[in-house]
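The values are calculated or read from the model by the stated rules, or taken from the named source; none is laboratory data. As the structure is a prediction and not an experimental result, all values here were calculated from the model. Quick reminder, even Gly has a Cβ in these numbers, built from the backbone with ideal geometry, and neighbours come from all protein chains shown.
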Amino acid sequence: MSQVDIRFATESDVPVILYFIRELAAYENMSEEVVATEALLKEWIFEKKKAEVILAQAEGETVGFALFFHNFSTFLGRAGIYLEDLFVKKEYRGKGYGKALLKELAKITVDRGCGRLEWSCLDWNQPSIDFYLSLGAKPMDEWTVYRLTGETLENFAK
């Protein structure tokens, strides 16, 4: 791995954030689910401050990103950090950039006094699963994620 610089994204990085979101969706075979726009990302990340993004830069370009936000553990009695997305460009994978992003996010978690750092991974994504296990991360096999979205969410909220 060449020298990597990790920095917080700024509003001017919105196009690259959307690029990484679309690339991740393509990798996960979920491109049709991306409805995010630059305007939405600007509003929710930088105006409403509901998420944060760190970027990995190396060899003169942005090679990866991590988007995260705070959650809360009632059992721990304090906030945690939830990693929503982590993505490194294909040509830079396996060179330590993803690990550098996660390490920086772990530092942010500790520096902020948060109780845990957690994320989800698709069951079929064995390269990522192997990577996370190599870091000492533990799968939470006894938990199932549930989700309400779109029309189902709208109808339930009525």
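Worth pointing out:
- Residue match in region 73-83 (condition: of a type outside the set (A, V, I, L, M), farther than 20 Å from ILE17 by Cβ and under 17 Å from the mean Cα position of the chain (by Cα)): yes
- Options LEU148, LEU122, LEU105, LEU101: the member that is in a loop (DSSP other than H, G, I, E, B) and under 15 Å from the mean Cα position of the chain (by Cα): LEU122
- Checked against (1) outside any strand (DSSP E or B); (2) buried (at least 17 other Cβ atoms within 10 Å of the Cβ); (3) at pLDDT 95 or above; (4) touching a helix residue (DSSP H, G or I) at 6+ places or on another chain (Cβ under 7 Å), ALA56 passes all but a single condition, namely (1).
- Annotation note: Cβ proximity below 6 Å between a residue of region 130-158 that is under 14 Å from GLU118 (Cβ atoms) and a residue that is part of a loop (DSSP other than H, G, I, E, B) and among the acidic types (Asp, Glu) (sequence gap 6+ or interchain) occurs for no pair.
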